[in-house]
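Colleague: Please see the structure below; I have some questions.
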There are 2 protein chains.
Amino acid sequence: MYKAKAYAASSATSPVAATSIARRDPTEDDVQIEILFCGICHSDLHQVRDEWSGMMPTVYPCVPGHEIVGRVTRVGAAVNKFKPGDLAAVGCMVDSDGTCPECKAGFEQFCPNFVLTYNFPDKHLGGVTYGGYSDSIVVKERFVLRVPGNLDLAGAAPLLCAGITTYSPMRHWGVSKGKKVGVVGLGGLGHMAVKFAHALGAHTVVFTTSASKKDDALRLGADEVVLSKDANEMGKHAGSFDFILDAVAAPHDINAYINLLARDGNITMVGAPAEPLAVGVFGLLFRRRSFSGSIIGGIAETQEMLDFCGKHTITSDVEVIPIQKVNEAYERLAKSDVKYRFSIDMASLKSE
Amino acid sequence: MYKAKAYAASSATSPVAATSIARRDPTEDDVQIEILFCGICHSDLHQVRDEWSGMMPTVYPCVPGHEIVGRVTRVGAAVNKFKPGDLAAVGCMVDSDGTCPECKAGFEQFCPNFVLTYNFPDKHLGGVTYGGYSDSIVVKERFVLRVPGNLDLAGAAPLLCAGITTYSPMRHWGVSKGKKVGVVGLGGLGHMAVKFAHALGAHTVVFTTSASKKDDALRLGADEVVLSKDANEMGKHAGSFDFILDAVAAPHDINAYINLLARDGNITMVGAPAEPLAVGVFGLLFRRRSFSGSIIGGIAETQEMLDFCGKHTITSDVEVIPIQKVNEAYERLAKSDVKYRFSIDMASLKSE
């Protein structure tokens, strides 16, 4: 066991502040990583403020962060894919049972015994797992990802959640050249979706409520931008989309998008509105459309996504901040005031 | 042009009553059919009573019926798949443009220019198309189906709507041996779904609100019956279904069924509740589940379904009635008082 520097919230109403936490010494299949960058996901904010108390109550102190990129500092005797000095990344999970049908099929995200990167029971040290707002982390090799050397590390960090969350459903629903793909909501997730849809060769259309986002959508790779409040403009696209990724967590009219789907078209939610959405069944009956959800991705697919990003030089657009600005970043994130993800430069933690 | 006997409604509040209608003489690619049986679909009732006035207002007189089985009496010069004396069937459509991408892909049900069997503009005679509550019909060969000779004709008639409506999504979503399949709602559609799921080799589970339906569900081919109001019994099946077919048109809690789906499981609506259903997004995110709709099927797939029924000797369970009892049958249908479909013996029309 050793001490690591970290930023933690001590209650739902406390700011995130400097502290010291215990990390385990690497066991034989563990990888110890010096964290260089950690992205800020909206989940961090929800968890720190205990906004999911019904489903996943927060245990304090809470060290959030599951978009982790760093450099290997030590490995256990049985580790063979990493050596000290390698780049490495960790996403939303740090363990799973490895034996259930979901794990065997590469869907660790659906394993009934997975362990999330923070605020989840820690089998090694007791208490809960601590995330990436820290200078160091120790993770089982099976959950450590390789990072292509050509990627900007600050921008690579958000790939571990925002990236895989949008990449996975696109792959599953066959986004590729010749397909018409929509992206609803141009935030942390949505902007990654645009980059992936474009890189996968699809004709990419961004839906936005704000005309001011048009130029940026085009810059990110969109072929077209549609103002979703303009019924006339929406109508022109009726029945034409193969796939739409909906990254909006606020309540909204999903039927307006379902009607844009072609035969066998699918709309997948990666945002998670707290209240149920009202879905008109007639819109699904005609053209055999489907409405579904997706959540992160398995470990093998996360590696595939990182390799794809390496090949296409895809990273998240980030605003790099020192960890001392994390509370300010939370305030801005709550107002969607970031293009498009905050990435914490963990070198800033050395001065604490 | 010739006169055919028929039963028609003359207004939304009139009973269906004997009348005479015009049918076209067969053109070169037409098939003339003596109608032997016509199933009663709930759509007939909706259309006759103008309950879809917003979407598809009824033109009177209205001759309903789109579950038609009969014998060929005459064929046009260019017809080569049918000859007088052959068994033949007609479903929900009698024409489509044949040139659009949907038609070319075998999805005439999604053709923007399809022609429904009744209450749709008739390009040949003007007015609207007249359905199967008649002693004769003339239909373009491309929309005439072959009926396996081993099937009971009264029970075969409902295959043309209730059959294909349930068969098509099961094939699309991969219902087969080794899969666990649920059927919600044991009515005209649901009872066909049970027969198909069983014949396709799936482990078939019927959900019902009424314990009294259990024996009948087992007789139809179900392996298990679950009382949907029993949360404990439902809970035992959580996360275990590959596919659920939901044939309930009344408002109901779809999320209770979504939670029963395994990873990548799909629930397809074939019933069409008038009001939107409230869909909880978290249920879709976990296990990457999907919620979709399906409506009848294309012509080639309808033939495939009839051939499958011939091979497995599958027909609808029907109560055969003379056409003079059609209004009474409507009253009973509105109360779900039929096991499981009415089939009109059109010989009864001869006495009118």
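Colleague: Within segment B:134-141, can one find any residue that is surrounded by 24 or more Cβ atoms within 10 Å (Cβ to Cβ), over 21 Å from B:Ile244 (Cα atoms) and under 18 Å from the mean Cα position of the chain (by Cα)?
Modeller: no
Colleague: Name the residue, out of A:Gly106, A:Gly98, that is under 27 Å from A:Ile244 (Cα atoms) and open to solvent by 20 Å² or more (accessible area, probe 1.4 Å). Walk me through how you get there before you give the answer.
Modeller: Details: A:Gly98 fails: under 27 Å from A:Ile244 (Cα atoms).
After ruling out the rest, the residue left standing is A:Gly106.
Matching residues to (1) within 20 Å of B:Asp135 (Cβ to Cβ); (2) exposed (fewer than 15 other Cβ atoms within 10 Å of the Cβ):
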residue: B:Ala9; (1), (2): yes, no
residue: B:Arg23; (1), (2): yes, no
residue: B:Ile40; (1), (2): yes, no
residue: B:His46; (1), (2): no, no
residue: B:Ser53; (1), (2): no, yes
residue: B:Leu87; (1), (2): yes, no
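Colleague: While we're looking at this one, here's another question. Quick test of your reading of the structure: B:Ser212 fulfils all but one of (1) under 19 Å from the mean Cα position of the chain (by Cα); (2) open to solvent by 10 Å² or more (accessible area, probe 1.4 Å). Name the failing condition by number.
Modeller: (1)
Colleague: Can I ask one more? Hey, any hits in segment A:260-282 for a residue that's aromatic (Phe, Trp, Tyr) and not assigned by TED's automatic domain parsing to the domain that holds A:Ala197?
Modeller: Step one: of segment A:260-282, the residues aromatic (Phe, Trp, Tyr) are A:282.
With not assigned by TED's automatic domain parsing to the domain that holds A:Ala197 added as a condition, the list becomes none.
No, that holds for no residue.
Colleague: Please specify each residue of segment B:155-201 satisfying the condition of being surrounded by fewer than 24 Cβ atoms within 10 Å (Cβ to Cβ), of a type in the set (Gly, Ala, Ser) and away from chain A (no Cβ under 14 Å).
Modeller: B:Gly155, B:Ser176, B:Gly187, B:Ala199, B:Gly201
Yes/no matrix, rows are residues, columns are (1) open to solvent by less than 20 Å² (accessible area, probe 1.4 Å); (2) of a type in the set (Asp, Glu):
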residue: A:Leu218; (1), (2): no, no
residue: A:Gly239; (1), (2): yes, no
residue: A:Ala250; (1), (2): no, no
residue: A:Asp264; (1), (2): no, yes
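Colleague: Pairs please, first residue from segment A:153-177 and over 25 Å from A:Ile321 (Cα atoms), second anywhere and of a type in the set (Gly, Ala, Ser) and open to solvent by 10 Å² or more (accessible area, probe 1.4 Å), Cβ atoms under 7 Å, 6+ apart in sequence or on different chains.
Modeller: Pairs that qualify, where the first residue is over 25 Å from A:Ile321 (Cα atoms) and the partner is of a type in the set (Gly, Ala, Ser) and open to solvent by 10 Å² or more (accessible area, probe 1.4 Å), are A:Ser176/A:Gly201; A:Lys177/A:Gly201.
Colleague: Name, by its number, the condition in (1) touching a Leu at 6+ places or on another chain (Cβ under 8 Å); (2) within 9 Å of chain B (Cβ to nearest Cβ); (3) of a type in the set (D, E, K, R) that does not hold for A:Asp317.
Modeller: It fails just one condition, (2).
Colleague: Please go through segment A:235-269 and give me each residue that is under 26 Å from the mean Cα position of the chain (by Cα) and of a type in the set (S, T, N, Q), ordered by number.
Modeller: A:Asn255, A:Asn266, A:Thr268
Colleague: Now, a different point. Would a scan of segment B:18-41 turn up a residue that is modelled with pLDDT under 95 and under 20 Å from the mean Cα position of the chain (by Cα)? Talk me through it step by step, then tell me what you get.
Modeller: Restricting attention to segment B:18-41, the residues satisfying the condition of being modelled with pLDDT under 95 are none.
Within segment B:18-41 (the criterion being modelled with pLDDT under 95 and under 20 Å from the mean Cα position of the chain (by Cα)), the answer is no, since none of the residues qualifies.
This table checks each residue for (1) over 16 Å from the mean Cα position of the chain (by Cα); (2) in the same structural domain as A:Arg146 (by TED's automatic domain parsing).
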| site | (1), (2) |
| --- | --- |
| A:Arg288 | yes, no |
| A:Gly298 | no, no |
| A:Met305 | no, no |
| A:Cys309 | no, no |
| A:Lys325 | yes, yes |
| A:Arg332 | yes, yes |
| A:Lys335 | yes, yes |
| A:Lys339 | no, yes |
| A:Phe342 | no, yes |
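Colleague: May I pose another question? If you take the residues in segment B:254-266 that are in contact with a Lys or Arg (Cβ under 9 Å, 6 or more places away or on another chain) and touching a residue at least 40 places away in the same chain (Cβ under 8 Å), which one is nearest to the other protein chains (Cβ to nearest Cβ)?
Modeller: B:Asn266
Colleague: Residue by residue through segment B:268-282, note down the ones that are buried (at least 24 other Cβ atoms within 10 Å of the Cβ) and more than 7 Å from chain A (Cβ to nearest Cβ).
Modeller: B:Thr268, B:Val270
Colleague: Let me ask you something else. I'm trying to understand the selection: among the residues of segment B:283-313, which are within 7 Å of another protein chain (Cβ to nearest Cβ) and farther than 24 Å from A:Asn259 by Cβ? First the steps, then the outcome.
Modeller: Just the residues of segment B:283-313 that are within 7 Å of another protein chain (Cβ to nearest Cβ), to begin with: B:284-295.
Across segment B:283-313, the qualifying residues are B:Phe286, B:Arg287.
Colleague: It is to be established whether one or more residues within segment B:218-228 are of a type outside the set (D, E, K, R) and in a helix (DSSP H, G or I).
Modeller: The initial filter retains those residues of segment B:218-228 that are of a type outside the set (D, E, K, R), namely B:218, B:220-222, B:225-228.
Checking which are in a helix (DSSP H, G or I) leaves us with B:218, B:220.
So far as segment B:218-228 goes, yes, one or more of its residues are of a type outside the set (D, E, K, R) and in a helix (DSSP H, G or I).
Colleague: Hey, can you tell me all the residues within segment B:197-217 that are at pLDDT 95 or above and part of a loop (DSSP other than H, G, I, E, B)?
Modeller: If the condition is that a residue be at pLDDT 95 or above and part of a loop (DSSP other than H, G, I, E, B), then B:Leu200, B:Gly201, B:Ala202 are the ones that fit.
Colleague: Would it be correct to say that A:Val248 is of a type outside the set (Ser, Thr, Tyr) and at pLDDT 95 or above? If you could, list the steps in order and put the result at the bottom.
Modeller: Working: of a type outside the set (Ser, Thr, Tyr): yes; at pLDDT 95 or above: no.
Answer is no for this residue.
The values are calculated or read from the model by the stated rules, or taken from the named source; none is laboratory data. Small disclaimer: the values here were computed from a predicted structure and weren't measured. When we count neighbours, we look across all protein chains shown, and the Cβ atoms used for this are built from the backbone with ideal geometry, even at glycine. All accessible areas refer to the heavy atoms of the entire protein, side chains included, with ligands and DNA or RNA removed. Shrake-Rupley method; radii C 1.70, N 1.55, O 1.52, S 1.80 Å.
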